[in-house]
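Working notes, structure below.
The values are calculated or read from the model by the stated rules, or taken from the named source; none is laboratory data. Because the structure is predicted, anything quoted here is derived from the model rather than measured. A quick note on method: Cβ atoms are made from the backbone with ideal geometry, for glycine too, and the neighbour counts reach across all protein chains shown. Note: areas computed on protein heavy atoms with side chains; ligands, DNA, RNA excluded. Shrake-Rupley method; radii C 1.70, N 1.55, O 1.52, S 1.80 Å.
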Amino acid sequence: MKVIYGVGNIKSAFKHAVIIIGVFDGLHKGHQKLITSAVRRAKKIGGTPVLMTFAPHPVHVLYPNVHLPLIVSLPHRLHLIEQLGVACCIVVKFTRRFSQLSPQSFIKRYLVDRLQAAEVFVGDDFRFGQNRKGTVAEFEEAGKKYGFKINAVSAVKGNGGKVSSTDIREAIAKGSLAKAKKYLGRPIAVMGKVQRGEARGKKLGFATANIYPENEMLPPVGVYAVQVELAGKIYKGMANVGYRPSFRKKNKKINVEVHIFHFKKNIYGKTIIVEFIQKIRSEKIFHSPQELTAQLKQDQDKAKKILG
């Protein structure tokens, strides 16, 4: 998938561009339905599926005092979008100035002049432009004027309502992994580059890959059975999310320590995705290396049973 940062960097028009628009924080089932519908349509008309997303998250720009953790970071979002068959993703920098564009200006400048849209896919509750004044009905009127078709895709239903990023954030914060997975269509996960740690795990016989997710939600601290995606392959393992309380004097930053079973490759600097399958136990303090090693062996046995 080609990634273009800013519409000003689009060098040539796309063939019969089928544009998908949204923030897509989480890439949950509703987002997946919207994107895959557009990809199917693009194939049918011999067009190009092009997704437009925004970063930073609009809430972070317009309401900086509101704490809104991301379900997936931008790199993780792009990885998931690519897996859905999108040919090109355009990342538009969301600023206060951009937010003040009128709905008509957004459509003319971005969709007509820059992208020459043949069709546009949005959610049926999509709002856009200054003060979110633009509606799907307004989009349809503009489509008639400029010659593109609007496809408003209905939401995916959850427990009594539509699947939403708000519900997923709440489920992750509470450690409700099964509920989050149901809404996401995949386990909750974080992406990060493996960094050098202090090699304590290796000395204990449980070498770990350490990542420090900065912009993605983590489940509550504790030890989890996990799956690890690395270079397109899936590995089984266990992970500790937390502050390593046994060594707290030297560590004040939350991290994810992953022990991949039967794995000895050097992966420093590599990007991994850690999927949380089931919690094994809460984080606790150990008073000796022997006590910690004994517990890690128990954790490993439990994780292997969970992961089959």
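If we scan region 55-68, do we find a residue that is open to solvent by 20 Å² or more (accessible area, probe 1.4 Å) and farther than 28 Å from Y212 by Cβ?
no
Scan G6, G47 and give me the residue that is over 20 Å from M191 (Cα atoms), in contact with a Lys or Arg (Cβ under 7 Å, 6 or more places away or on another chain) and surrounded by fewer than 18 Cβ atoms within 10 Å (Cβ to Cβ).
One residue alone meets the criteria, G6.
Since P187 meets every condition but one in (1) part of a helix (DSSP H, G or I); (2) closer than 18 Å to V226 by Cβ; (3) under 15 Å from the mean Cα position of the chain (by Cα), which condition does it not meet?
Result: P187 passes all but (1).
Of these, S73, S105, S99, which one is surrounded by 14 or more Cβ atoms within 10 Å (Cβ to Cβ), on the phi < 0 side of the Ramachandran plot and free of Cβ contacts under 8 Å to residues at least 60 places away in the same chain?
Checking each option against the conditions leaves just S99.
Determine whether V39 is in contact with a Gly (Cβ under 7 Å, 6 or more places away or on another chain) and either open to solvent by less than 30 Å² (accessible area, probe 1.4 Å) or among the basic types (K, R) (or both).
yes
Take K181 and tell me if it is closer than 23 Å to V59 by Cα and of a type in the set (K, R).
Taking the combined requirement at face value, the residue does not satisfy it.
Out of curiosity, is K93 in contact (Cβ under 8 Å) with a residue 60 or more places away in the chain, open to solvent by 60 Å² or more (accessible area, probe 1.4 Å) and either under 24 Å from H60 (Cβ atoms) or in contact with a Phe, Trp or Tyr (Cβ under 7 Å, 6 or more places away or on another chain) (or both)?
Yes, satisfied.
So, in region 152-184, of the ones that are in a strand (DSSP E or B) and open to solvent by 30 Å² or more (accessible area, probe 1.4 Å), which residue ends up modelled with the lowest pLDDT?
The qualifying residue modelled with the lowest pLDDT is K157.
Only one residue in K264, K279, K249 is at pLDDT below 90, surrounded by fewer than 19 Cβ atoms within 10 Å (Cβ to Cβ) and outside any helix (DSSP H, G or I). Which one?
K264
State whether one or more residues within region 138-145 are crowded, with 16+ Cβ neighbours inside 10 Å, in contact with a His (Cβ under 7 Å, 6 or more places away or on another chain) and more than 20 Å from Q278 (Cβ to Cβ).
No.
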